[in-house]
């Protein structure tokens, strides 16, 4: 679904399209700034070529001229000022704009009008208006996406956007939860909820030993079951690679959203494989589990390195091609979690086999057995 049609539907694809636009706008605007109460935005954005979105954003109905926003100075606007301007435009926002917990039904016409203005006249004032209004959408996914970008474009985002991100981390929807958690960790890495989400849970699988390949889970996934012995994806992957390790002492890491957490995880991965007396194991990784593997690859040999929905941060995480036999990347278009992470969407290196599935937005699709079956992912690896 494309914009502006997506504003007039409440189906999942329409909501994901809206969220993708809002998170995409954060890529154009973010810079480092402390916001108080432990919140801080991230630093200089990636170069356009490193984002790896190519024509994906055009297919959503976002015009190419929006790129101009990366070239002009960025000014943060306060919600009170935006309310005043919107009221001048004939939009009565006095009772709800900037009020925590306030949602507004039937916002499609207003959002469509604001996005049209933004697309016709790319500037940060029009961008800020759209983001501020979207904070009050009835769909939590859209509110979470708006909250993430709020920290990059609004002067007083913490009061309203912070609670939205917190709410999102408790969602039963994995996509909403992962986008919210990633955004929260990006702007408030020391928040207690971030630590709570990476706390180790009890392992209930029985497991059995094996020897030459393993799964490296990503951020927030430490206590999820899909990657663990007995989990859905683990069971499926055993039919693809019977050597997949299935012991109860399987490798895991904190799943923390920080460079330090990934560095510690990489050291632990090297140590774990040495204790297993493995040489060049195949690694099936998801999200920043791929970053962990690439850090470990500096000190250990890897056979196949399969990167599922891995954010691209070339200057921090990159394969050591002299110590890996094959690198394969598998991902979806405009991954919402990677947008929230402000990472690149594609690897650009002839030594990495890049596979973009005909799917959009959902960060978890790359580790679902139904996806692997439908699109014959085993043939890609």
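Derivation of every value follows stated rules applied to the coordinates shown; laboratory data play no part. Since this is a predicted model, take the numbers as computed values, not measurements. Reconstructed Cβ throughout: ideal geometry from the backbone, glycine too, with neighbour counts over all protein chains shown.
Overview of values
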| item | result |
| --- | --- |
| Highest-fluctuation residue, 351, 223, 297 considered, GNM on the chain with Cα pairs under 10 Å | 351 |
| Full-stretch length increase - residue 196, residue 95 - with 0.36 nm per residue and alpha-carbon distance subtracted | 32.9 nm |
| Overall form of the range 213-380 per C-alpha gyration tensor (a/c, 1.5; a/b vs b/c) | rounded |
| Highest-fluctuation residue, 57, 81, 257 considered, GNM on the chain with Cα pairs under 10 Å | 81 |
| Nearest-ten-degree value, helix 158-169 long axis tilted from longest Cα axis of the chain | 40 |
| The range 5-196: relative contact order in percent, alpha carbon pairs under 8 Å with at least 6 residues between | 26 |
| C-alpha center-to-center spacing [the range 290-308, the range 251-277] in angstrom | 11 |
| DSSP beta bridge pairing in the range 213-380, given as percent antiparallel to the nearest 5 | 5 |
| Label zone at residue 48, where the point sits 7 Å out along the Cα-to-Cβ direction: the range 8-29 residues whose backbone N lies under 19 Å | 21-29 |
| Of 341, 11, 362, the one that fluctuates the most in a GNM where the chain has Cα springs shorter than 10 Å | 11 |
| Rg/Rh ratio calculated on Cα atoms of the range 86-232 (Kirkwood radius) | 1.12 |
| Contour minus Cα-Cα distance for residue 59 and residue 356 (0.36 nm per residue) | 105.4 nm |
| Expected 222 nm ellipticity per residue - DSSP helices of 4 or more, -39500 (n - 2.57), all of the chain, to 500 | -12000 deg cm²/dmol |
| Bridge type composition, the chain - antiparallel percent by DSSP, nearest 5 | 15 |
| Rounded, prolate or oblate (a/c below 1.5 giving rounded, otherwise prolate when a/b exceeds b/c) for the range 332-377 by Cα gyration tensor | oblate |
| Label-point separation in nm, residue 235 to residue 379, each point 7 Å along Cα→Cβ | 2.6 |
| Label-point gap, in nm, between residue 167 and residue 301 - each point 7 angstrom along Cα→Cβ | 5.4 |
| Global form of the range 166-294, assessed from the alpha-carbon gyration tensor, a/c cut-off 1.5 | prolate |
| Long-range Cα-Cα pairs in the range 5-196 (distance over 22 Å), rounded percent | 42 |
